[in-house]
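Values quoted throughout were computed directly from the atomic coordinates according to the rules given, and no laboratory measurement underlies them. As the structure is a prediction and not an experimental result, all values here were calculated from the model. All Cβ positions, glycine included, derive from the backbone under ideal geometry; neighbour counts span all protein chains shown.
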Amino acid sequence: MASPNSSFLLVAFAIVAVSLFADNATAACDNDWTQLSDKCTAFAKKGIEPLLPSDDCCQTIAQADLVCACSKVTPDTENNISVPLAIMVASFCGHPLPHGTHCGSVVVP
């Protein structure tokens with residue numbers, strides 16, 4: 001039977017491990033958001049004729065956690081980009097968002 005001290009250490013280790021994983025996941029999501037903004041914004045801007053996304057944009061989409069990136073879409077973001085167009089860009093690149101994903105004020109049909 002484990003002593004109370006070893007049980008406490010095991011729980012403490014688990015908490016630290018989960019915390020580190022969460023920090024890494026947040027950093028990865030932030031990086032995905034930055035990369036998508038840099039490589040793909042031009043193809044989803046409001047007020048422009050839709051353009052076919054570049055290979056660079058599609059490669060970025062392929063490597064990104066799009067559901068996490070969608071969680072970062074704010075009303076300010078939606079002032080500058082068309083979320084429905086961004087969703088179509090992801091689909092065009094072969095990486096459609098799952099049905100029901102919330103992307104800013106838009107829910108993927």
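One table, with the values for the structure above:
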item	result
Projected label distance in nm at D38 and H102, using a 7 Å step from Cα toward the beta-carbon	2.9
Neighbour cut-off at most 13 other Cβ (10 Å), DSSP loop, trypsin sites (Lys or Arg not before Pro), the stretch 41-109	K46
Quotient of Cα Rg and 2.2 N^0.38 Å for the stretch 29-107, N being how many residues it contains	0.95
